[in-house]
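Enquirer: Here it is: the structure, laid out below.
Only the coordinates and a few stated rules stand behind these numbers; no lab work does. Since the model is a prediction, treat every value here as computed from it, not as a measurement. Note that each Cβ is placed from the backbone with ideal geometry, even for glycine, and that neighbours are counted across all protein chains shown.
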Amino acid sequence: MISGLLIKINPCKKHMVLKVLAFFCLFINTAFAAQTTTTTNDASIVTYEKQFFELYAPVTLIDMLQRVPGAPEILNASRQRSGGGGQNQERGFGSGGDQILIDGKRLAGKSNNINDTLSRISANSVEKIELIRGAAGGLDVQSQGLVINILLSEGAAKSTTFWNITSETKQGNSPGLEFLLSHSGSKNKLDYVFSAERASNKSFNTEKNQFYDTSNLKTGDRTIGTKFLQKSLNFNSNLTYNFEDGAILRLNGLFETGNQNFDQDRVRTGDDASNLLWSNKEDQGEWEFGGDYTKNLGKIGQFKAVFVANRGKDDQSVNRSQDINTTPFIYTVERTIEIKKEKILRASISKTLNTSQTIEFGGEAAFNSFNKSFDSKDRDLAGDPYVTVAVDNVKIKENRYEIFTNHTFNISNSLVLQSSLTTEFSQIIADNILPDLTISRRNTNFTYIKPRINIRYDVTPRNQIRATIEKKVSQLNFNNFVTRYDTRNEEFKYGNTNIRPEQIWEFLTAYEHRFANDGGSLEIEGFFRNYTDKIVRTDFTEYVDLGFASIGREAFFALPPNTSIRSYIEDTGSGFISKSGNVGKASSYGFNIKSSLRLGLVGLTDAVLSAKYTFEKSKIIDQFTRLERSFSRLSDHIWDLNYRHDLTNLGLSYGGRVSFSSDAANHDIRYYQPYNPQANVSVFAEYNIFDGIKVRIDAKQLTQKRGTSSRYNYSDHIRINSLSSSEKRQTTVPRELEISIQGTF
């Protein structure tokens, strides 16, 4: 069985997007020239003036960005990117990648999402939008690819109120409602934005399982129906004050509260028949306060400071009941409480050395705390007392300090070299508070030196070559430190407080061609990543020999098969157990092809087709089978197509998005789970009813399929190769219709 654990890839999918790109490259619009293109000593910049967007009658800043080739992809990526604390997220404010800036600065926040901020800014407040490609000095970000810089109008006296009402209906559910009200304006040297939003939504999905024995004979079926109800209320604010001496202070705040409940009916027939109800109630609250300050210090240079402070709490209660159709009773109760806090301060001074060189140096300090407790109790009969089966209580403190230097050298008008060196000193103190209130402490110090070199060469004004070499360190996901119950696989995932951050050496090279007269662009990027301390599921089993003495893993598997040893490990030892942990080496390589094309030449004036294809081949040694495989949950091929057509004479726009990926698999100590994701298809249409008022209709999840998967379960350890059962799973979701009306006054 192990030798057959290979992911099957449909070869037809590999060439689909490449054929689409090749076809549409023949139809580039060369007659569209409403924007200006400039090349400075610092970067290649495409500028879209305010007049460019007047034809489209945009209501918000998001509406404007949707008309800019390349911008929708960045917006989609920003929506998918999790906030601080997620695994594989880079540490600190100084990370690279595609970013969206406002007046050359990032939003000083982690939870206060940039996309939400953009949707609350009126189009009347925007002066112009710049697309900056490649290395550039004087920005709050280092980027290998595209940076969008939004310049707001200065001193606009007119205040604007933006409103949005959204009704979201999922097939088979009553409509949910969302209300957003935002007011922006200025008074003297103060610019302000205040907003409030309320949301209430319902949803459901259905999963069908089929069970098979070791002879591949069907033994039963199960239907899992999950109903969701989510409510939230949040308030946001953004303030900007322009001092007389040219200094600028920006502040932003967020307060959010909400709850979500879901009930899951789990009905199984055949062998092991059961009728269960799992109920989950979750209360959430969060606040954040951030800001930045810039001031020109004359000959010393420009001073910049950024800070953010936030706190979030999540309180989750779970009741699991059985015999729902006869004599129901609760057999499991769980409680999870999570409190996380973060404070970050970054300060730097930027100085122009001469006409071709600038330097920035400074430091950053971050203080994180993460407290999480998990308690699960079971009972067999309604009259029995609850017995604790899993408990964990972890308190984590992380202090991180960085010093950094960034240097930008404009070697010529067409060649820019940007280099940086960051040194990090960090400490993680993780306390496991045991049931008897004793503490098991892990105290670890880390030092990382993180160099980065980026070069940009403009071969011609429309052709650019870029290359980057960078050392990265991931942000730890502290949820991996704490035990939890995995509802998908119906097992406990035990925590490990000894996880170290991943280290990645990344090598990137890219070629980009911009078609004439804003016809679009085509970019090809190759990459190679070398990982140290890659975080994966690892083997934490305590192995014994024939005399039940402790031995290593390889020594155990060198022994002749012996059921008594396996029974001893399972019954009296820790069991065959896996946890998240670090492995020595791993790598991945591949390429991205991105294109954004205007289709005016084929009669589709103001139509834009954007496409992205990613191929990534990864390599790691499986910690259970000891065979080489791809990363868990990583598809080799990912496609994303976006289309938008503006019929400006009618005030109508329509379009859609299709995204899909190839097969992938999940690996653990007791199972192997290959799965086939399904395409995600959505379409939209929007119409300007009056000047400043727009209605939009979105139809989402049109395929109604989330994907299919198989699961092969093993009695003990997958390497022993004793298959106990298998499953087939298919998940369906309801089609979703979202109608919104928005406007300004």
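Enquirer: Seen from all sides and averaged, what is the projected area of the convex hull of the Cα atoms in the stretch 652-745, in nm²?
Expert: 8.3 nm²
Enquirer: Next question. If I take every Cα pair under 8 Å that is 6 or more residues apart in the stretch 625-745, average their sequence separation and divide by the length, what percent do I get for the relative contact order?
Expert: Relative contact order, the stretch 625-745: 21 percent.
Enquirer: Turning to a different aspect of this structure: With N set to the residue count of the stretch 148-280, report its C-alpha Rg divided by 2.2 N^0.38 Å to two decimal places.
Expert: Cα-based Rg divided by the globular estimate yields 1.78.
Enquirer: For SER724, which sequence-distant residues (separation of 5 or more, or a different chain) have an amide H within less than 5 Å of its own amide H, given hydrogens modelled in the peptide plane?
Expert: Under 5 Å from the amide H of SER724 lie the amide H atoms of ASN713, TYR714, SER715, each far enough along the sequence or on another chain.
Enquirer: With a sphere of radius 14 Å drawn around the Cβ of ARG566, what net charge do the other residues whose Cβ falls strictly inside it have (Lys, Arg +1; Asp, Glu -1)?
Expert: With Lys, Arg at +1 and Asp, Glu at -1, the neighbours total -2.
Enquirer: Follow-up. Taking Cα centroids, how far is the stretch 606-670 from the stretch 256-283 in Å?
Expert: 30 Å
Enquirer: Would you mind getting me the FRET efficiency between LEU381 and ILE693? Use the beta-carbon distance for r and R0 = 56 Å, nearest 0.05.
Expert: Efficiency at R0 = 56 Å is approximately 0.35.
Enquirer: Ok, one more. Given N residues in the stretch 568-630, what is Rg(Cα) / (2.2 N^0.38 Å)?
Expert: With N residues counted in the stretch 568-630, Rg over 2.2 N^0.38 Å equals 2.21.
Enquirer: Could you work out how far apart the two model spin labels at ILE465 and SER200 are, taking each label as a point 7 Å from the Cα in the direction of the beta carbon, and quote it in nm?
Expert: Those two pseudo-labels are separated by 6.1 nm.
Enquirer: Excluding residues fewer than 8 places away in the same chain, name every one of the lysines whose C-alpha is closer than 19 Å to that of LYS281.
Expert: By straight Cα distance, LYS281 reaches LYS202, LYS227, LYS231, LYS313, LYS372, LYS377.
Enquirer: Using Cα pairs closer than 8 Å and at least 6 residues apart in sequence, work out the relative contact order for the chain, in percent.
Expert: 12 percent
Enquirer: What is the set of long-range amide H partners of THR541 at a cut-off below 5 Å, with H atoms built 1.01 Å from backbone N?
Expert: It is ILE577, by chain and number.
Enquirer: Something else about it: Be a star and scan the stretch 452-482 for residues whose amide nitrogen sits under 18 Å from the point 7 Å along the Cα-to-Cβ vector of ILE411.
Expert: 452-461, 463-470
Enquirer: For GLU127 and LEU217, calculate 0.36 nm times their separation in residues minus their Cα-Cα distance, and state this gained length in nm to one decimal.
Expert: Going from the current span to full extension adds 25.7 nm.
Enquirer: Sticking with this structure for a sec: Could you run the Karplus curve 6.51 cos²θ - 1.76 cosθ + 1.60 with θ = phi - 60° over the stretch 645-650 and give me ³J(HN,Hα) per residue in whole Hz, x for Gly and Pro?
Expert: Running phi through 6.51 cos²θ - 1.76 cosθ + 1.60 with θ = phi - 60° gives 10, 9, 9, 5, 5, 9 Hz.
Enquirer: What is the sum of charges, Lys and Arg at +1 and Asp and Glu at -1, for the other residues whose Cβ falls under 12 Å from the Cβ of GLN51?
Expert: Within the 12 Å Cβ shell, the charges total -1.
Enquirer: Let me ask something else about it. For the stretch 229-234, in order, what is each residue's ³J(HN,Hα) by Karplus, 6.51 cos²θ - 1.76 cosθ + 1.60 with θ = phi - 60°, in whole Hz (x at glycine and Pro)?
Expert: Computed from phi, the couplings for the stretch 229-234 are 9, 10, 10, 8, 9, 9 Hz.
Enquirer: So what is the relative contact order of the stretch 506-642, in percent, for Cα pairs below 8 Å that sit 6 or more residues apart?
Expert: Computed value for the stretch 506-642: 24 percent relative contact order.
Enquirer: If you put +1 on each Lys and Arg Cβ and -1 on each Asp and Glu Cβ, how big is the dipole of the stretch 321-363 around its Cα centre, in Debye rounded to 20?
Expert: My answer is approximately 400 debye.
Enquirer: Taking only DSSP H segments of four or more residues, each worth -39500 (n - 2.57), what value at 222 nm results for the chain once the sum is divided by all its residues, to the nearest 500 deg cm²/dmol?
Expert: -1500 deg cm²/dmol
Enquirer: May I pose another question? Roughly how many debye, to the nearest 20, is the charge dipole of the stretch 283-380 about its Cα centre, given +1 on each Lys and Arg Cβ, -1 on each Asp and Glu Cβ, and no other charges?
Expert: 740 debye
Enquirer: Here's something else I'd like to know. In nm, give the distance between the simple-model label positions of THR444 and LEU650, each being 7 Å from the Cα along the Cα-to-Cβ direction.
Expert: Here the answer is 5.9 nm between the modelled labels.
Enquirer: By how many nm would the segment from LEU437 to LYS281 grow when fully extended, if each residue of separation counts as 0.36 nm and the alpha-carbon distance is taken off?
Expert: My answer for the length gained is 53.4 nm.
Enquirer: Would you please put 119-127, 597-605 in order of how densely packed they are, using the mean number of other Cβ atoms within 10 angstrom per residue and starting with the highest?
Expert: Result, highest mean first: 119-127, 597-605.
Enquirer: Per residue of the stretch 437-442, in order, report the coupling 6.51 cos²θ - 1.76 cosθ + 1.60 (Karplus, θ = phi - 60°) as ³J(HN,Hα) in whole Hz, putting x for Gly and Pro.
Expert: Residue by residue, the stretch 437-442 yields 6, 6, 10, 9, 10, 10 Hz.
Enquirer: Next up: Around PHE548, under 14 Å between beta carbons, what's the net of Lys plus Arg minus Asp minus Glu among the other residues?
Expert: Summing Lys and Arg as +1 and Asp and Glu as -1 gives -3.
Enquirer: Under 5 Å between amide hydrogens, which residues at least 5 positions from ILE620 or on another chain qualify, with H placed 1.01 Å from N in the peptide plane?
Expert: Counting only residues 5 or more places away or on other chains, the set is ARG629.
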